[in-house]
1. Here is a list of conditions, (1) loosely packed, with under 15 Cβ neighbours inside 10 Å; (2) closer than 16 Å to GLU136 by Cβ; (3) aromatic (Phe, Trp, Tyr), and PHE24 meets all of them except one; can you say which number that is?
2. Which of the following residues is surrounded by fewer than 19 Cβ atoms within 10 Å (Cβ to Cβ), among the hydroxyl-bearing types (Ser, Thr, Tyr) and farther than 19 Å from LEU234 by Cβ: SER68, SER29?
3. Under 7 Å between Cβ atoms, at least 6 apart or on separate chains: pull out the pairs that start in segment 107-120 with a residue that is under 18 Å from VAL85 (Cβ atoms) and end on any residue that is surrounded by fewer than 23 Cβ atoms within 10 Å (Cβ to Cβ) and acidic (Asp, Glu).
4. Among the residues of segment 225-248, what is the count of those that are among the small types (Gly, Ala, Ser) and surrounded by fewer than 23 Cβ atoms within 10 Å (Cβ to Cβ)?
5. Going residue by residue through segment 152-169, is there one that turns out to be in a strand (DSSP E or B) and either more than 19 Å from GLU105 (Cα to Cα) or more than 15 Å from the chain's Cα centre (by Cα) (or both)?
6. Restricting attention to segment 44-67, and to residues there that are over 17 Å from ALA218 (Cβ atoms) and in contact (Cβ under 8 Å) with a residue 40 or more places away in the chain, which single residue is nearest to the chain's Cα centre (by Cα)?
7. Condition (residue is under 24 Å from ALA252 (Cα atoms) and among the small types (Gly, Ala, Ser)) applied to segment 20-42: is it met by at least one residue?
8. Among (1) out of contact with any Leu (no Cβ under 9 Å at 6 or more places or on another chain); (2) under 30 Å from LYS10 (Cβ atoms); (3) among the hydrophobic types (A, V, I, L, M, F, W, C); (4) not in a loop (DSSP other than H, G, I, E, B), there is one condition PHE181 misses while meeting the rest; what is its number?
Amino acid sequence: MQLINLFAEKFYDAFYEKEWRGGFEPNVSLLSIAEAYNVQDLVAEMRIDRGEVVVGFKIGCTSNAIRSQFGLQEPIYGRLFDPHVQKQGIAINWKDYVNCAIEPEMVITIGSDLCGVGISDDQILDAIESVSPGIEIHNFRFWFTPPTSQELICSGGIHAGLIVGSVGVSPRELSFKSEIFSVFKDGKRITKAPASEVMGGPIHSLRWLVDCLTKKGAYLKKGSLVIPGSPVELVSIDSDTELKIEIDCVGALVANFKERKNEPGSGTDNEKNRSPNRSVGERITDGD
C-alpha cells in the first residue's frame, strides 16, 4: 500500500506541475495492473478533494495504431473530470500541456444506467442518449522508459482534457464500424481510419468498459460521458494550429490551438466554456 500511495502522490503532482519531481525509483513497472488502477483511484479521490468532479470515462489503447505507437498490448480506462471537459468554441493554449497531442473521439452520452458482463449491442444502443464529435487532449509524455500499461493506467490514460461538439446524433443512425474518423491540421487532412479499428467498433469498446466496472462492483451511470477510443494515432500539436476533426454521420469539430504568452495555467479551465453535464456526481464508479 505504501508503494501505491507513493505513486498516487507522484502522478497527482505530475498532472498539475507538468513535470516528474523526484527520482524514477522504484519503477512503475513494479505495480500489477490491479495496483495501477488502485493508484488511479487514489489520484481521482485527490482530484475530487481539490474540487474536480468525475463526469465519465475514457477508454484508451483500443486500436492497433495506438497500441503500436505506445508499444502496449491491451486497452485501459481512465476518468473524465470537470472542469477539463469543455464545449465547442474554446481556444486552447497548447503550451499548457506536456507534449500536447490530440485524438478524434465519438463522445457518447449515456441515457440510462449500464451494468452487467457481456451485455448485448441492443442493450448498449438503448442506453446511449446521443453521440457527438470530440477532441481528446493529451499530455503525451511517459515519464518512465519504456512505456508500460501500468504508467498509462496510473496517469488516467495520459488524458488532459476533452472538447465536445455542440451537435449530437442518435446511436441508431450509426453503424459504429464504417464511419471514417479524419483529422485536419490547418486545412490539410493528415490521418484517417474507420471506427472498426476501435476494438472492432466503439460498441465493443463500451461493452469492455461496462464489463470492467461490473467486475469491480460498479456501473456506468446515466449522464456519464464516454469516449470509447480513437482509430487513429495520436496527433502532436507543437505549434499554433487550426485543428478540425470529422466523423462520418456524427459531425465535425474545430478548435484553435494557439500559444497565449503571459497567460499561465489557462489550459481548458475556462469557466464560461465548461460542459453543462454535471449530473453524474463525484464518485461515478461507486455504484451508489
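1. (2)
2. SER29
3. THR109/GLU129; ILE110/GLU129; GLY111/GLU129
4. Number of matching residues: 2.
5. Taking every residue of segment 152-169 in turn, at least one turns out to be in a strand (DSSP E or B) and either more than 19 Å from GLU105 (Cα to Cα) or more than 15 Å from the chain's Cα centre (by Cα) (or both).
6. GLY60
7. Taking every residue of segment 20-42 in turn, none turns out to be under 24 Å from ALA252 (Cα atoms) and among the small types (Gly, Ala, Ser).
8. Answer for PHE181: the failing condition is (2).
None of the figures in this text is laboratory data; all of them are computed from the coordinates on show. Quick caveat: nothing in here was measured; it's all calculated off a predicted structure. FYI the Cβ positions are ideal-geometry reconstructions off the backbone, even for glycines, and counts take in every protein chain you see.
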